[in-house]
Amino acid sequence: MRVLITGATGLIGQEIVSRCHAQNIMVNYLTTNKSKLEKNDNYQGFFWQPNTKEIDLECFKDVDAIINLAGATISKRWTPSYKKIVLSSRVDTANLLIESLKNIEHQVTQIVSASAIGLYPDSLTNYYTEDFKVSSCDSFLSEVVNVWEAAVDRFSELNIEVTKIRIGLVLADGGGALAEMIKPVKLGLGAAFGSGKQWQSWIHIEDLSDIFIFTLLEKLGGVYNAVAPNPTTNYELTKTIATTIDRPFFLPNIPKFVMKLALGEMHLLLFESQRVSSKKIEDAGFDFKFHHLQPALENLLK
């Protein structure tokens, strides 16, 4: 089996590539950075530039499925111009892949695309499953995910099975949200945000990458939440990080207005609450390696 991966050189992408190789799945990948092009039997890089609609069509050769992780990070200040980049980076990449496949002979039968739980409304009480109907986009995050999923849905026009993985807060060593959360805790400045009661539906990066491979090999179409079975609160998450790395946790919670001044609209990443269900992917036969927060953090931080 051979897959084409967009975003293969990012934090999640690198983990998925290593999982593919462990399963003897060969990888083609697309990059906008020519210095990141490599070529060997099971890992071949191809250049693309979605904003100019440039792509090396050789990337599709012998490819059975696409894993789509492309998209500009949301962890940068949300200026009006950067918001446009976040949206276009997801739509333009999907459209370029679709239009390219329309014009060539190919054997692609499935796309497994990243998405995010940011689609679900902010709530302290709801417990979200994949069939929750979003009636309107009440935040920039929900708008991003809505546009992203709509772009990916177009692959079905080519009779390609569409799988969307709604990703929660990814816990990983060496990057991502956890690396940023650890910094103040290491200095003894760890504190919850706002009330600390907002739900954080998290997932260990190993489980996340395994979900991508699982849905690929099992040919599962549709939407799947990629979150661990036991969501936690922001207070418990921060406290458990402090406990795991033996740092104090006694400061008062950080008010919302402080982070709004510091981060602008992006402060919503820290304050929105989504308690999300993992039942659908578990019912499909997926076994989580990390069900609970403490063992997950110990695995990453010890």
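Bear in mind these aren't lab numbers, they're just calculated from the coordinates by the rules spelled out. Only a predicted model underlies this, so the values are computations on that prediction, with no experimental measurement involved. Cβ placement follows ideal geometry from the backbone for every residue including glycine, while neighbour counts extend to all protein chains displayed.
The table that follows gives values for the structure above.
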| item | result |
| --- | --- |
| Residue count, the stretch 163-222 (criterion: charged (D, E, K, R), in a loop (DSSP other than H, G, I, E, B) and farther than 21 Å from TYR127 by Cα) | 3 |
| LEU269 being out of contact with any Cys (no Cβ under 7 Å at 6 or more places or on another chain), assigned to a helix (DSSP H, G or I), farther than 22 Å from LEU119 by Cα and not hydroxyl-bearing (Ser, Thr, Tyr) | no |
| Near pairs, Cβ below 6 angstrom, 6+ apart or cross-chain, from the stretch 122-145 (in a loop (DSSP other than H, G, I, E, B)) to any residue that is of a type in the set (Val, Ile, Thr) | GLU130/VAL223 |
| Criterion (touching a residue at least 60 places away in the same chain (Cβ under 8 Å), part of a strand (DSSP E or B), surrounded by 13 or more Cβ atoms within 10 Å (Cβ to Cβ) and within 19 Å of the chain's Cα centre (by Cα)) met by exactly one of ILE74, ILE67 | ILE67 |
| Filtered residues of the stretch 244-301 (kept if among the hydroxyl-bearing types (Ser, Thr, Tyr) and over 17 Å from LEU169 (Cα atoms)) | THR244 |
| Which listed residue, of THR238, THR243, is β-branched (Val, Ile, Thr), surrounded by fewer than 23 Cβ atoms within 10 Å (Cβ to Cβ), outside any loop (DSSP other than H, G, I, E, B) and at negative phi | THR243 |
| Pairs with Cβ under 9 Å, 6+ apart, first in the stretch 232-255 and farther than 19 Å from PHE290 by Cα, second in a strand (DSSP E or B) | TYR235/PHE193; ASN253/PHE193; ILE254/PHE193; PRO255/PHE193 |
| Any hit, the stretch 92-103, residues being crowded, with 16+ Cβ neighbours inside 10 Å and either polar (S, T, N, Q) or free of Cβ contacts under 8 Å to residues at least 12 places away in the same chain (or both) | yes |
